[in-house]
Amino acid sequence: MADTAEIRVDGQVIELPLIVGSEDERAIDIRRLRNQTGLISFDPGFANTGACRSAITFIDGDKGILRYRGFPIEELAEKSTFLEVAYLLIYGNLPSAQEFEAFESSITRHTMIHEDFKRFFGALPKDAHPMAVCSAAVGALSTFYPDSLDPRDPRHIEISVHRLIAKMITVASYAYKHSIGQPFMYPQNDRSYVGNLLHMLFGTPCETYEADPVVEKAIDLLLILHADHEQNCSTSTVRLVGSTQVNLFSAISAGINALWGPSHGGANQEVIEMLESIHEEGMSAKQFVERAKAGDPGARLTGFGHRVYKNFDPRMKIIKKACFDVLEKLGVRTKLLEIAVELEEMALKDEYFVERRLYPNVDFYSGVIYSAIGTPPTMFTPFFALGRLPGWIAHWMEMHTDPDFKIGRPRQIYTGPALSPYVPIADR
Ligand code: ACO
(Lines give C-alpha, C1' and ligand atoms only; values in the text may rest on other atoms or scores of the structure.)
Protein backbone atom coordinates (compact mmCIF):
# COMPACT_ATOMS: atom_id res chain seq x y z
CA MET A 1 0.00 0.00 0.00
CA ALA A 2 1.16 3.54 -0.74
CA ASP A 3 2.92 5.41 2.03
CA THR A 4 2.56 8.86 0.45
CA ALA A 5 -0.24 10.86 -1.15
CA GLU A 6 0.16 13.37 -3.96
CA ILE A 7 -1.62 16.68 -4.30
CA ARG A 8 -1.52 18.56 -7.58
CA VAL A 9 -1.96 22.33 -7.18
CA ASP A 10 -1.25 25.02 -9.76
CA GLY A 11 0.74 22.57 -11.86
CA GLN A 12 2.94 21.61 -8.91
CA VAL A 13 2.85 18.10 -7.37
CA ILE A 14 3.34 17.87 -3.61
CA GLU A 15 4.02 14.58 -1.91
CA LEU A 16 2.62 14.17 1.58
CA PRO A 17 3.37 11.25 3.93
CA LEU A 18 0.66 8.86 5.12
CA ILE A 19 0.36 7.94 8.80
CA VAL A 20 -0.94 4.50 9.79
CA GLY A 21 -2.44 3.67 13.18
CA SER A 22 -2.26 0.35 15.03
CA GLU A 23 -5.67 -0.65 13.60
CA ASP A 24 -4.58 0.31 10.05
CA GLU A 25 -6.47 3.60 10.01
CA ARG A 26 -4.70 5.89 7.54
CA ALA A 27 -4.30 9.66 7.41
CA ILE A 28 -2.57 12.15 5.14
CA ASP A 29 -0.06 14.14 7.14
CA ILE A 30 -0.71 17.68 5.91
CA ARG A 31 1.60 19.49 8.31
CA ARG A 32 3.82 20.70 5.45
CA LEU A 33 0.88 21.61 3.18
CA ARG A 34 0.76 25.32 3.96
CA ASN A 35 4.51 25.81 3.87
CA GLN A 36 4.79 24.09 0.52
CA THR A 37 1.66 25.38 -1.21
CA GLY A 38 0.29 28.32 0.80
CA LEU A 39 -2.97 26.36 1.08
CA ILE A 40 -4.75 25.16 4.19
CA SER A 41 -7.26 22.32 4.57
CA PHE A 42 -10.97 23.13 5.02
CA ASP A 43 -12.99 20.75 7.18
CA PRO A 44 -15.95 22.26 9.08
CA GLY A 45 -16.89 20.15 12.10
CA PHE A 46 -13.47 18.42 11.78
CA ALA A 47 -15.26 15.38 10.33
CA ASN A 48 -12.13 14.39 8.38
CA THR A 49 -9.47 15.78 10.65
CA GLY A 50 -7.20 13.76 12.90
CA ALA A 51 -6.04 16.21 15.56
CA CYS A 52 -3.55 13.91 17.27
CA ARG A 53 -2.23 10.38 17.65
CA SER A 54 -3.88 8.69 20.64
CA ALA A 55 -3.42 5.31 22.33
CA ILE A 56 -6.46 5.55 24.60
CA THR A 57 -9.64 4.54 22.77
CA PHE A 58 -10.33 2.80 19.48
CA ILE A 59 -13.65 3.17 17.65
CA ASP A 60 -14.69 1.55 14.40
CA GLY A 61 -17.97 3.31 13.69
CA ASP A 62 -18.90 1.07 10.75
CA LYS A 63 -18.49 -2.14 12.71
CA GLY A 64 -19.77 -0.75 16.04
CA ILE A 65 -16.49 -1.41 17.87
CA LEU A 66 -15.40 0.48 20.99
CA ARG A 67 -12.31 -0.43 23.01
CA TYR A 68 -10.57 1.32 25.89
CA ARG A 69 -6.81 0.65 25.79
CA GLY A 70 -7.54 -2.41 23.63
CA PHE A 71 -10.23 -3.91 25.89
CA PRO A 72 -13.70 -4.33 24.31
CA ILE A 73 -16.38 -2.23 25.97
CA GLU A 74 -18.60 -5.30 26.27
CA GLU A 75 -16.00 -7.08 28.42
CA LEU A 76 -15.28 -4.07 30.61
CA ALA A 77 -19.01 -3.53 31.11
CA GLU A 78 -19.44 -7.10 32.25
CA LYS A 79 -16.31 -7.64 34.33
CA SER A 80 -14.82 -4.35 35.46
CA THR A 81 -15.79 -1.44 37.69
CA PHE A 82 -15.82 2.27 36.95
CA LEU A 83 -12.82 3.06 39.16
CA GLU A 84 -10.80 0.27 37.56
CA VAL A 85 -11.73 1.60 34.10
CA ALA A 86 -10.72 5.08 35.25
CA TYR A 87 -7.32 3.69 36.25
CA LEU A 88 -7.02 1.87 32.92
CA LEU A 89 -7.77 4.99 30.90
CA ILE A 90 -5.52 7.27 32.93
CA TYR A 91 -2.49 5.01 33.48
CA GLY A 92 -2.77 2.86 30.34
CA ASN A 93 -2.97 -0.58 31.99
CA LEU A 94 -5.24 -2.58 34.25
CA PRO A 95 -4.04 -2.16 37.85
CA SER A 96 -2.64 -4.97 40.03
CA ALA A 97 -4.65 -5.60 43.22
CA GLN A 98 -2.15 -3.49 45.16
CA GLU A 99 -2.20 -0.62 42.66
CA PHE A 100 -5.97 -0.61 42.63
CA GLU A 101 -6.22 -0.57 46.41
CA ALA A 102 -3.87 2.44 46.60
CA PHE A 103 -5.81 4.25 43.86
CA GLU A 104 -9.22 3.56 45.36
CA SER A 105 -8.05 4.54 48.82
CA SER A 106 -6.57 7.81 47.55
CA ILE A 107 -9.77 8.67 45.65
CA THR A 108 -11.92 7.82 48.67
CA ARG A 109 -9.80 10.02 50.94
CA HIS A 110 -10.02 13.07 48.71
CA THR A 111 -13.80 13.23 48.32
CA MET A 112 -14.39 15.89 50.96
CA ILE A 113 -14.32 19.48 49.71
CA HIS A 114 -12.96 22.48 51.63
CA GLU A 115 -15.58 23.60 54.16
CA ASP A 116 -15.50 27.19 52.81
CA PHE A 117 -16.30 25.89 49.34
CA LYS A 118 -19.82 24.90 50.42
CA ARG A 119 -20.78 28.59 50.46
CA PHE A 120 -20.01 28.71 46.73
CA PHE A 121 -23.09 26.60 46.00
CA GLY A 122 -25.30 28.83 48.12
CA ALA A 123 -24.32 31.83 46.01
CA LEU A 124 -25.96 30.31 42.91
CA PRO A 125 -29.71 30.31 42.21
CA LYS A 126 -31.60 27.19 43.24
CA ASP A 127 -32.91 26.64 39.73
CA ALA A 128 -29.44 26.85 38.14
CA HIS A 129 -28.80 23.89 35.87
CA PRO A 130 -26.47 21.45 37.69
CA MET A 131 -24.17 21.36 34.64
CA ALA A 132 -23.57 25.10 35.00
CA VAL A 133 -22.96 24.60 38.71
CA CYS A 134 -20.57 21.68 38.11
CA SER A 135 -18.59 23.56 35.50
CA ALA A 136 -18.31 26.66 37.70
CA ALA A 137 -17.43 24.58 40.77
CA VAL A 138 -14.75 22.55 38.98
CA GLY A 139 -13.21 25.77 37.65
CA ALA A 140 -13.35 27.22 41.16
CA LEU A 141 -11.62 24.15 42.64
CA SER A 142 -8.37 25.49 41.16
CA THR A 143 -8.58 28.45 43.54
CA PHE A 144 -8.10 26.11 46.50
CA TYR A 145 -4.94 24.45 45.18
CA PRO A 146 -2.68 27.14 43.71
CA ASP A 147 0.42 25.19 44.74
CA SER A 148 -0.33 22.08 42.66
CA LEU A 149 -1.60 23.31 39.30
CA ASP A 150 1.46 23.00 37.06
CA PRO A 151 0.53 20.76 34.09
CA ARG A 152 4.25 19.99 33.55
CA ASP A 153 4.90 18.70 37.07
CA PRO A 154 4.11 14.95 37.42
CA ARG A 155 3.42 15.24 41.15
CA HIS A 156 1.04 18.17 40.63
CA ILE A 157 -0.73 16.19 37.91
CA GLU A 158 -1.10 13.14 40.15
CA ILE A 159 -2.59 15.17 43.00
CA SER A 160 -4.94 17.14 40.75
CA VAL A 161 -6.16 13.99 38.98
CA HIS A 162 -6.99 12.21 42.24
CA ARG A 163 -8.60 15.31 43.71
CA LEU A 164 -10.75 15.87 40.68
CA ILE A 165 -12.05 12.30 40.36
CA ALA A 166 -12.76 12.24 44.08
CA LYS A 167 -14.39 15.65 44.44
CA MET A 168 -16.45 15.48 41.27
CA ILE A 169 -19.04 13.21 42.94
CA THR A 170 -19.25 15.63 45.86
CA VAL A 171 -19.58 18.66 43.58
CA ALA A 172 -22.30 17.00 41.46
CA SER A 173 -24.21 15.91 44.57
CA TYR A 174 -24.02 19.37 46.15
CA ALA A 175 -25.29 20.95 42.94
CA TYR A 176 -28.35 18.72 43.29
CA LYS A 177 -28.80 19.14 47.05
CA HIS A 178 -28.67 22.92 46.68
CA SER A 179 -31.38 22.79 43.99
CA ILE A 180 -33.79 20.96 46.32
CA GLY A 181 -32.83 22.79 49.51
CA GLN A 182 -31.48 19.78 51.39
CA PRO A 183 -28.33 19.76 53.55
CA PHE A 184 -25.05 18.72 51.97
CA MET A 185 -23.96 15.25 53.01
CA TYR A 186 -20.34 14.50 53.88
CA PRO A 187 -18.83 11.58 51.97
CA GLN A 188 -18.31 8.41 54.00
CA ASN A 189 -15.09 6.50 53.50
CA ASP A 190 -16.59 3.05 54.03
CA ARG A 191 -18.72 3.43 50.89
CA SER A 192 -17.74 2.63 47.31
CA TYR A 193 -17.28 5.46 44.80
CA VAL A 194 -20.80 5.06 43.37
CA GLY A 195 -22.20 4.21 46.82
CA ASN A 196 -20.84 7.51 48.09
CA LEU A 197 -22.30 9.39 45.14
CA LEU A 198 -25.75 7.91 45.80
CA HIS A 199 -25.43 8.58 49.54
CA MET A 200 -24.54 12.25 48.93
CA LEU A 201 -27.34 12.60 46.35
CA PHE A 202 -30.18 10.79 48.03
CA GLY A 203 -29.19 10.56 51.70
CA THR A 204 -30.21 13.04 54.42
CA PRO A 205 -28.81 13.56 57.93
CA CYS A 206 -32.12 12.20 59.30
CA GLU A 207 -31.56 8.60 58.33
CA THR A 208 -28.88 6.32 56.94
CA TYR A 209 -29.12 5.81 53.21
CA GLU A 210 -28.57 2.28 51.98
CA ALA A 211 -27.96 2.15 48.25
CA ASP A 212 -29.78 -0.66 46.48
CA PRO A 213 -27.02 -2.88 44.97
CA VAL A 214 -29.02 -3.05 41.72
CA VAL A 215 -28.98 0.73 41.46
CA GLU A 216 -25.31 0.96 42.43
CA LYS A 217 -24.35 -1.59 39.79
CA ALA A 218 -26.45 0.13 37.12
CA ILE A 219 -24.85 3.53 37.77
CA ASP A 220 -21.38 1.98 37.80
CA LEU A 221 -22.15 0.40 34.42
CA LEU A 222 -23.39 3.68 32.95
CA LEU A 223 -20.23 5.44 34.13
CA ILE A 224 -18.06 2.76 32.48
CA LEU A 225 -19.93 3.12 29.19
CA HIS A 226 -19.47 6.90 29.19
CA ALA A 227 -15.84 6.88 30.34
CA ASP A 228 -14.19 7.72 27.03
CA HIS A 229 -15.02 8.19 23.37
CA GLU A 230 -11.81 9.45 21.78
CA GLN A 231 -11.93 12.90 20.15
CA ASN A 232 -15.61 13.79 20.80
CA CYS A 233 -16.57 17.44 21.21
CA SER A 234 -16.03 17.76 24.98
CA THR A 235 -12.74 15.82 24.91
CA SER A 236 -11.50 17.93 22.02
CA THR A 237 -12.50 20.97 24.08
CA VAL A 238 -10.47 19.72 27.05
CA ARG A 239 -7.51 19.18 24.72
CA LEU A 240 -7.87 22.56 23.02
CA VAL A 241 -8.24 24.51 26.26
CA GLY A 242 -5.55 22.37 27.91
CA SER A 243 -3.16 23.06 25.01
CA THR A 244 -2.72 26.57 26.42
CA GLN A 245 -0.97 24.91 29.42
CA VAL A 246 -3.81 25.96 31.69
CA ASN A 247 -4.38 23.80 34.80
CA LEU A 248 -6.42 20.60 34.74
CA PHE A 249 -9.43 22.04 36.61
CA SER A 250 -9.89 24.85 34.07
CA ALA A 251 -9.60 22.49 31.10
CA ILE A 252 -12.14 20.07 32.59
CA SER A 253 -14.50 22.92 33.46
CA ALA A 254 -14.52 23.84 29.75
CA GLY A 255 -15.18 20.19 28.85
CA ILE A 256 -18.21 20.11 31.16
CA ASN A 257 -19.67 23.11 29.33
CA ALA A 258 -19.11 21.47 25.96
CA LEU A 259 -20.79 18.31 27.16
CA TRP A 260 -23.87 20.19 28.32
CA GLY A 261 -25.07 20.97 24.77
CA PRO A 262 -28.08 18.96 23.54
CA SER A 263 -26.19 17.75 20.46
CA HIS A 264 -23.72 16.08 22.81
CA GLY A 265 -24.18 14.94 26.45
CA GLY A 266 -27.23 17.13 27.03
CA ALA A 267 -29.11 14.75 24.75
CA ASN A 268 -29.82 12.37 27.65
CA GLN A 269 -31.99 14.99 29.36
CA GLU A 270 -33.65 15.87 26.05
CA VAL A 271 -34.49 12.23 25.32
CA ILE A 272 -36.49 11.82 28.52
CA GLU A 273 -38.23 15.15 27.95
CA MET A 274 -39.08 14.01 24.42
CA LEU A 275 -40.48 10.69 25.70
CA GLU A 276 -42.47 12.50 28.39
CA SER A 277 -43.95 14.98 25.92
CA ILE A 278 -44.92 12.16 23.53
CA HIS A 279 -46.62 10.46 26.46
CA GLU A 280 -48.36 13.62 27.72
CA GLU A 281 -49.58 14.67 24.30
CA GLY A 282 -50.84 11.13 23.62
CA MET A 283 -48.91 11.06 20.35
CA SER A 284 -48.05 7.76 18.67
CA ALA A 285 -44.43 6.84 17.94
CA LYS A 286 -45.30 6.92 14.24
CA GLN A 287 -46.63 10.49 14.47
CA PHE A 288 -43.46 11.67 16.24
CA VAL A 289 -41.17 9.96 13.73
CA GLU A 290 -43.11 11.64 10.90
CA ARG A 291 -42.63 15.03 12.57
CA ALA A 292 -38.90 14.36 13.06
CA LYS A 293 -38.57 13.47 9.38
CA ALA A 294 -40.38 16.63 8.35
CA GLY A 295 -37.59 18.60 10.04
CA ASP A 296 -39.89 20.00 12.74
CA PRO A 297 -37.34 21.69 15.05
CA GLY A 298 -39.36 20.69 18.12
CA ALA A 299 -39.33 17.06 17.04
CA ARG A 300 -35.76 16.02 16.32
CA LEU A 301 -35.42 12.40 17.30
CA THR A 302 -32.97 13.03 20.13
CA GLY A 303 -30.86 10.04 21.08
CA PHE A 304 -30.59 9.10 17.41
CA GLY A 305 -27.64 9.68 15.12
CA HIS A 306 -23.93 9.85 15.72
CA ARG A 307 -20.99 11.40 13.94
CA VAL A 308 -18.95 8.21 14.14
CA TYR A 309 -21.35 5.26 14.51
CA LYS A 310 -23.08 4.54 11.22
CA ASN A 311 -24.22 1.01 12.00
CA PHE A 312 -24.95 0.75 15.70
CA ASP A 313 -23.64 2.23 18.93
CA PRO A 314 -22.28 -0.69 21.00
CA ARG A 315 -22.92 1.23 24.22
CA MET A 316 -26.61 1.52 23.36
CA LYS A 317 -26.97 -2.28 23.09
CA ILE A 318 -25.52 -2.74 26.58
CA ILE A 319 -27.59 0.08 28.07
CA LYS A 320 -30.82 -1.16 26.50
CA LYS A 321 -30.34 -4.58 28.06
CA ALA A 322 -29.39 -3.02 31.42
CA CYS A 323 -32.48 -0.85 31.21
CA PHE A 324 -34.80 -3.86 31.00
CA ASP A 325 -32.85 -5.72 33.73
CA VAL A 326 -32.84 -2.80 36.17
CA LEU A 327 -36.51 -1.98 35.70
CA GLU A 328 -37.44 -5.61 36.18
CA LYS A 329 -35.26 -6.03 39.29
CA LEU A 330 -36.63 -2.83 40.81
CA GLY A 331 -40.17 -3.80 39.84
CA VAL A 332 -40.61 -0.47 38.05
CA ARG A 333 -43.03 -0.24 35.13
CA THR A 334 -42.75 2.84 32.99
CA LYS A 335 -44.59 3.89 29.90
CA LEU A 336 -41.46 5.78 28.82
CA LEU A 337 -39.55 2.58 28.13
CA GLU A 338 -42.40 1.29 25.96
CA ILE A 339 -42.44 4.54 24.00
CA ALA A 340 -38.66 4.40 23.56
CA VAL A 341 -38.81 0.85 22.22
CA GLU A 342 -41.63 1.75 19.83
CA LEU A 343 -39.75 4.82 18.58
CA GLU A 344 -36.60 2.79 18.06
CA GLU A 345 -38.43 0.07 16.12
CA MET A 346 -40.30 2.61 14.04
CA ALA A 347 -37.19 4.61 13.15
CA LEU A 348 -35.03 1.58 12.40
CA LYS A 349 -37.33 0.50 9.60
CA ASP A 350 -38.02 3.97 8.28
CA GLU A 351 -36.32 4.87 5.00
CA TYR A 352 -35.32 8.36 6.23
CA PHE A 353 -33.31 6.97 9.15
CA VAL A 354 -32.01 3.94 7.24
CA GLU A 355 -30.73 6.10 4.35
CA ARG A 356 -28.95 8.49 6.70
CA ARG A 357 -27.62 5.63 8.81
CA LEU A 358 -29.18 7.03 11.98
CA TYR A 359 -29.22 4.61 14.90
CA PRO A 360 -30.01 5.04 18.60
CA ASN A 361 -26.96 6.31 20.48
CA VAL A 362 -25.69 5.96 24.05
CA ASP A 363 -28.21 8.52 25.32
CA PHE A 364 -31.36 6.91 23.96
CA TYR A 365 -31.98 4.54 26.89
CA SER A 366 -29.72 5.89 29.66
CA GLY A 367 -32.31 8.44 30.86
CA VAL A 368 -34.92 5.73 31.35
CA ILE A 369 -32.60 4.05 33.88
CA TYR A 370 -31.73 7.34 35.61
CA SER A 371 -35.43 8.17 35.87
CA ALA A 372 -36.35 4.76 37.21
CA ILE A 373 -33.96 5.19 40.13
CA GLY A 374 -35.38 8.60 41.01
CA THR A 375 -32.84 10.93 39.38
CA PRO A 376 -34.28 14.22 38.10
CA PRO A 377 -33.63 14.87 34.39
CA THR A 378 -31.34 17.85 35.07
CA MET A 379 -28.90 15.44 36.77
CA PHE A 380 -28.60 13.09 33.77
CA THR A 381 -25.90 15.12 32.05
CA PRO A 382 -23.87 15.58 35.28
CA PHE A 383 -23.88 11.76 35.52
CA PHE A 384 -22.47 11.69 31.98
CA ALA A 385 -19.79 14.18 33.06
CA LEU A 386 -18.85 11.97 36.03
CA GLY A 387 -18.43 9.08 33.64
CA ARG A 388 -16.47 11.03 31.02
CA LEU A 389 -14.09 12.55 33.56
CA PRO A 390 -11.37 9.83 33.42
CA GLY A 391 -11.44 10.03 29.60
CA TRP A 392 -10.98 13.80 29.65
CA ILE A 393 -8.13 13.42 32.15
CA ALA A 394 -6.44 10.66 30.13
CA HIS A 395 -6.52 12.82 26.98
CA TRP A 396 -5.27 15.89 28.83
CA MET A 397 -2.35 13.85 30.20
CA GLU A 398 -1.58 12.15 26.88
CA MET A 399 -1.52 15.51 25.12
CA HIS A 400 1.10 16.85 27.51
CA THR A 401 3.51 14.01 26.73
CA ASP A 402 2.86 13.99 22.97
CA PRO A 403 6.04 14.87 21.01
CA ASP A 404 3.78 16.64 18.47
CA PHE A 405 2.19 18.77 21.20
CA LYS A 406 1.32 22.30 20.06
CA ILE A 407 -1.15 24.91 21.20
CA GLY A 408 -4.42 24.28 19.31
CA ARG A 409 -5.03 27.02 16.80
CA PRO A 410 -7.06 26.32 13.63
CA ARG A 411 -7.04 28.65 10.64
CA GLN A 412 -9.93 29.97 8.55
CA ILE A 413 -10.97 31.14 5.12
CA TYR A 414 -11.80 34.82 5.52
CA THR A 415 -15.04 35.86 3.77
CA GLY A 416 -15.54 39.35 5.23
CA PRO A 417 -15.24 42.80 3.60
CA ALA A 418 -12.11 43.78 1.71
CA LEU A 419 -9.84 46.54 3.04
CA SER A 420 -12.13 49.47 3.92
CA PRO A 421 -11.12 53.00 4.98
CA TYR A 422 -12.46 54.13 8.38
CA VAL A 423 -15.30 56.69 8.13
CA PRO A 424 -15.60 59.13 11.06
CA ILE A 425 -19.00 58.91 12.81
CA ALA A 426 -20.03 62.43 11.67
CA ASP A 427 -19.61 61.43 8.01
CA ARG A 428 -21.56 58.14 8.13
N1 ACO B 1 -33.32 13.08 13.97
C2 ACO B 1 -33.67 13.40 12.68
N3 ACO B 1 -32.75 13.62 11.70
C4 ACO B 1 -31.45 13.52 12.03
C5 ACO B 1 -31.02 13.20 13.34
C6 ACO B 1 -32.02 12.98 14.34
N7 ACO B 1 -31.68 12.68 15.59
N8 ACO B 1 -29.68 13.18 13.39
C9 ACO B 1 -29.27 13.49 12.15
N10 ACO B 1 -30.33 13.68 11.32
C11 ACO B 1 -30.28 13.97 9.87
C12 ACO B 1 -29.83 15.38 9.60
O13 ACO B 1 -30.91 16.29 9.53
C14 ACO B 1 -29.14 15.21 8.26
O15 ACO B 1 -30.12 15.07 7.27
P16 ACO B 1 -29.91 15.72 5.78
O17 ACO B 1 -28.74 14.98 5.21
O18 ACO B 1 -31.21 15.48 5.09
O19 ACO B 1 -29.61 17.18 6.00
C20 ACO B 1 -28.47 13.84 8.37
O21 ACO B 1 -29.28 13.11 9.31
C22 ACO B 1 -27.02 13.89 8.86
O23 ACO B 1 -26.99 14.54 10.12
P24 ACO B 1 -25.87 15.54 10.60
O25 ACO B 1 -26.49 16.50 11.57
O26 ACO B 1 -25.16 16.10 9.42
O27 ACO B 1 -24.88 14.53 11.34
P28 ACO B 1 -23.73 14.93 12.34
O29 ACO B 1 -22.76 13.81 12.32
O30 ACO B 1 -23.21 16.29 12.03
O31 ACO B 1 -24.50 15.03 13.75
C32 ACO B 1 -25.52 14.42 15.79
C33 ACO B 1 -24.53 14.03 14.68
C34 ACO B 1 -25.22 15.83 16.30
C35 ACO B 1 -25.35 13.44 16.94
C36 ACO B 1 -26.95 14.33 15.22
O37 ACO B 1 -27.22 13.05 14.76
C38 ACO B 1 -28.02 14.77 16.24
O39 ACO B 1 -28.29 15.96 16.39
N40 ACO B 1 -28.61 13.79 16.99
C41 ACO B 1 -29.58 14.11 18.03
C42 ACO B 1 -28.85 14.59 19.28
C43 ACO B 1 -28.16 13.47 20.00
O44 ACO B 1 -28.71 12.41 20.25
N45 ACO B 1 -26.89 13.74 20.43
C46 ACO B 1 -26.12 12.81 21.19
C47 ACO B 1 -25.02 12.22 20.38
S48 ACO B 1 -24.14 11.02 21.26
C49 ACO B 1 -23.21 11.92 22.33
O50 ACO B 1 -22.74 12.99 22.08
C51 ACO B 1 -23.00 11.37 23.61
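Taking all protein chains together and a 1.4 Å probe, the residues 304, 103, 46 rank 46, 304, 103 from largest to smallest accessible area. If one computes P(r) from the Cα atoms of segment 1-108, what percent of pairs lie at distances over 19 Å? Counting pairs separated by more than 19 Å, the tail of P(r) holds 61 percent. Gain on full extension, evaluated as 0.36 nm per residue between residue 328 and residue 190 minus their Cα-Cα distance, stands at 46.8 nm.
P(r) tail for the chain, what percent of Cα pairs lie past 29 Å? Counting every Cα pair in the chain, those more than 29 Å apart make up 51 percent. Rolling a 1.4 Å probe over the protein heavy atoms leaves residue 411 with an accessible area of roughly 150 Å². What do you get for trypsin sites (Lys or Arg not before Pro) in segment 342-389 restricted to DSSP loop and a cutoff of at most 16 other Cβ within 10 Å of the site's Cβ? Of the trypsin sites (Lys or Arg not before Pro), the ones in loops of segment 342-389 whose Cβ has at most 16 other Cβ atoms within 10 Å are 349, 356, 357.
Take every Cα pair under 8 Å whose residues are at least 6 apart in sequence, average their separation, divide by the length of the chain, and the relative contact order is 19 percent. Note on surface exposure: 178, 226 rank 178, 226 by accessible area, highest first, 1.4 Å probe. In the structure shown, the pairs 79/329; 293/329; 177/286; 118/321; 126/321 are assessed against 29 Å; a Cα-Cα span above that value is assigned to 293/329; 177/286; 118/321; 126/321. Under the combined filter of DSSP loop state and at most 14 neighbouring Cβ atoms within 10 Å, segment 200-255 retains these GluC sites (Glu not before Pro): 210. Given +1 at the Cβ of Lys and Arg, -1 at the Cβ of Asp and Glu and no other charges, the dipole of the chain around its Cα centre is 860 debye to the nearest 20. Over all other residues within a Cβ to Cβ distance under 12 Å of residue 183, the charged ones net out to +2, with Lys and Arg as +1 and Asp and Glu as -1. What you get for segment 235-388, charging only the Cβ of Lys and Arg (+1) and of Asp and Glu (-1), is a dipole of about 620 debye around the Cα centre.
Residue 126 contributes about 110 Å² of solvent-accessible surface, heavy atoms of the protein only, 1.4 Å probe. Kindly report, to the nearest 10 Å², the accessible surface of residue 223 as traced by a 1.4 Å probe over protein heavy atoms only. Residue 223 exposes around 0 Å² with every protein chain in place. Largest to smallest in accessible area, the residues 233, 134 fall in the order 233, 134 (1.4 Å probe, all protein chains included).
The values are calculated or read from the model by the stated rules, or taken from the named source; none is laboratory data. Values in this document were obtained by computation on a predicted structure and should not be read as measured data. Here the Cβ is made from the backbone with ideal geometry for all residues, glycine too, and neighbour counts use every protein chain on show. For accessibility, only protein heavy atoms count, side chains too; no ligands or nucleic acids. Shrake-Rupley method; radii C 1.70, N 1.55, O 1.52, S 1.80 Å.
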